[in-house]
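First up is the structure itself, then whatever we jot down about it.
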Amino acid sequence: MTKDFRPVLYLKATCPHCLKLRLFLLEAGLLDGFEQRIFSEGDANEAAIRAELASHFDKVTFPTVQHAPGAYMKDSDAIIAHYAQEAGIDPQGLPTFVAYAHGVLPKYMEVRRELAALKRSA
């Protein structure tokens, strides 16, 4: 990492994968090392954040991190793996993160898929 560079997190407030990343960074004691740009769908920040990221990706998704000047990464699992390795932290040793990532999140995603299927069949 560049000495004066502070990584930037791009997060959607209601995104379950953004929450997973934030929980990891918070519990690992790393969150304060990031600038956070958070938006809620339709708010004033959304268009600017999406426009900033659009030139770096075919499809803008969240969470995304600018981990070095001009270098971006998306996918919560990839970002977590990157910072866990960099900090020498085993994410499986973080109980709140594990409870969310392996308990709450999979259940939430299952219910979300079921709801989408019900909407399609209605």
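Things to note:
- For H56, H102, H17, H67, order by how many other beta-carbon atoms lie within 10 Å, fewest first: H102, H56, H67, H17
- Backbone geometry of the range 111-118 corresponds, through the Karplus equation with coefficients 6.51, -1.76 and 1.60 at θ = phi - 60°, to 3J(HN,Hα) couplings of 5, 4, 5, 4, 5, 4, 5, 5 Hz, x marking Gly and Pro.
- Gained length - A54 relative to K3, 0.36 nm times residue gap less alpha-carbon distance: 15.7 nm
- Taking trypsin sites (Lys or Arg not before Pro) in DSSP loop states with no more than 16 other Cβ atoms inside 10 Å as exposed sites, the chain has its longest site-free stretch at 60-122.
- Taking every DSSP helix (H) stretch of at least 4 residues in the chain, weighting each as -39,500 (n - 2.57) and dividing the sum by the residue count yields a mean residue ellipticity at 222 nm of -14500 deg cm²/dmol.
- Debye log10 I(q)/I(0) for the chain, one point scatterer per Cα, at q = 0.13, 0.15, 0.17 Å⁻¹: -0.57, -0.75, -0.93
- Charged side chains reduced to their Cβ positions (Lys and Arg at +1, Asp and Glu at -1) give the range 31-79 a dipole of some 140 debye around its Cα centre.
Every number here is computed from the coordinates shown, using simple stated rules; none is lab data. Keep in mind that what you see is a predicted model, and the values were worked out from it rather than measured. Cβ atoms come from the backbone with ideal geometry, glycine included; neighbour counts cover every protein chain shown.
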